[in-house]
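For reference, the structure is listed below as structure tokens.
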Amino acid sequence: LSWASETGLLPKGNPLAGKRLELPKEKNPVRVTVIESDYQALLAVADQVDWRFKGMLILAHETGHRIGAVRQLLSSDIDLDARTIRWRAETEKTGYGHVTPLTMTAEEAVREIQAKRPGIGDAPIFPADKNLANPWQIQAHEVVGQAEAEVEAKLMPKKGRGWHSLRRKFASDFMHQPLKVLCELAGWKSPQTILTCYQQPDEQQNGPRYLIDVGW
């Protein structure tokens, strides 16, 4: 319309000039959840992709946090004595800094990570290949469903199956827990967000694995 008004095809000018337009939103967006069998298949071949990929996969699954926050975890964020993880505000999309307990599975994963790449203080637990002071870039593994792991696991491709699908799995696995507890565990600000965008009941739900692990 701007071009047409400039060329004289619209002598009265662009009728939308200065107006803010919003693209129509999909009424029922597809929000894919990783089912338990697919997660186990990915986990079984994760080491063949990269030890960092395996570590991220486990921590994303066990903590329910966004992959951006998982990727940027530092050695100082992990307290194995207290069995906790600190999620720094600057790595959280919502800016919500908080501390959550480590499950036994997550603790085992952290110990395995530390054995492969020992670090202290502000060292990333998933360091880049060349600069160990920077966290690993995950473009090649950004979408779980299209990663090398999917090929190795012989999973059928599924549009929308990605890292965030693990966050939805977390919310669905613990849908019978109080929303306040779930918000604290995975860093959600609003319970309404969980109800409308994340929880999806599935016959393959794993049940309250988190609360069993940490003894809540």
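The values are calculated or read from the model by the stated rules, or taken from the named source; none is laboratory data. For clarity, every value in this text was computed on a predicted model and none was experimentally measured. All Cβ positions, even for glycine, are placed from backbone atoms using ideal geometry, and neighbour counts span all protein chains on display. Quick note on the areas: whole protein, heavy atoms, side chains included, nothing else; ligands and nucleic acids left out. Shrake-Rupley method; radii C 1.70, N 1.55, O 1.52, S 1.80 Å.
Quick one: what are the phi-derived ³J(HN,Hα) couplings along region 47-54, Karplus 6.51/-1.76/1.60 with θ = phi - 60°, whole Hz, x for glycine and proline?
Ordered by residue, 3J(HN,Hα) equals 4, 6, 7, 4, 4, 6, 4, 4 Hz.
List the residues whose amide H sits under 5 Å from the amide H of TRP87, counting only those 5 or more places along or on another chain, with H placed 1.01 Å from N in the peptide plane.
HIS98, VAL99, THR100
Starting from the residue with the highest accessible area, list ARG20, ARG117 in decreasing order, probe 1.4 Å.
Values: ARG20 215, ARG117 55 Å².
Of ARG20, ARG117, the descending order of accessible area is ARG20, ARG117.
Under a 5 Å amide H to amide H cut-off, with H placed in plane at 1.01 Å, what residues pair with TRP136 once short-range neighbours are removed?
Under 5 Å from the amide H of TRP136 lie the amide H atoms of PHE126, ALA128, each far enough along the sequence or on another chain.
What list of ³J(HN,Hα) couplings, whole Hz, do you get for region 169-181 from phi and the Karplus terms 6.51, -1.76, 1.60, once you set θ to phi - 60° and write x for glycine and proline?
Couplings: 4, 4, 4, 6, 4, 10, 5, 8, 8, x, 4, 4, 5 Hz.
For GLY119, what residues show an amide H to amide H distance below 5 Å, using hydrogens built from the backbone and excluding near sequence neighbours?
none
Cross-link candidates for LYS158: which lysines have Cα within less than 27 Å, leaving aside residues fewer than 8 places away along the same chain?
Result set, ordered by chain and number: LYS25, LYS27, LYS54, LYS93, LYS169.
Quick one: net charge around GLN48, please, counting Lys, Arg +1 and Asp, Glu -1 for every other residue with C-beta under 14 Å from its C-beta.
Details: positive: ARG52, LYS54, LYS154; negative: ASP47, ASP50, GLU148, GLU150, GLU152.
Within the 14 Å Cβ shell, the charges total -2.
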